[in-house]
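Each remark here refers to the structure printed beneath this line.
The values are calculated or read from the model by the stated rules, or taken from the named source; none is laboratory data. Quantities reported herein were computed from a predicted structural model and do not represent experimental measurements. Here the Cβ is made from the backbone with ideal geometry for all residues, glycine too, and neighbour counts use every protein chain on show.
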Amino acid sequence: MRNISRSVLLRIMLLLGMIVSLNASVSLNAGVAYHGNVKTKKFHQPSCRYYDCKNCRAVFYSREDAIRAGYVPCKVCRP
């Protein structure tokens with residue numbers, strides 16, 4: 001009986017750890033604005049050298065939004 005409760009406790013702790021790490025990664029990406037090039041349909045993350053190009057006028061707040069809009073990830077910064 002004691003081993004079962006330790007096993008259950010371990011599983012709960014692992015699950016909580018996974019939830020906390022998932023929330024941390026989501027909050028790290030919150031507020032990141034990707035720029036999309038309206039001519040090439042490629043989007044860039046803020047650290048990319050092409051982030052501020054003259055045709056990068058589309059703004060996306062998630063990678064998924066950019067892809068849904070028909071943009072593809074830049075091969076340089078790989079957002």
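Observations on the model:
- Per-region count, the range 39-48, residues more than 21 Å from the chain's Cα centre (by Cα) and either under 16 Å from D65 (Cα atoms) or among the basic types (K, R) (or both): 1
- Answer residue from the range 49-79, given it is within 11 Å of G36 (Cα to Cα) and exposed (fewer than 12 other Cβ atoms within 10 Å of the Cβ) and is farthest from the chain's Cα centre (by Cα) among those: K54
- Selection count, the range 40-72, where residues are of a type in the set (K, R) and part of a loop (DSSP other than H, G, I, E, B): 3
- Whenever a residue of the range 34-51 is assigned by TED's automatic domain parsing to the domain that holds S62 and among the aliphatic types (A, V, I, L, M), its partners that are outside any strand (DSSP E or B) and surrounded by fewer than 17 Cβ atoms within 10 Å (Cβ to Cβ), lying with C-beta atoms within less than 7 angstrom and at least six residues away or across chains, give the pairs V38/N55.
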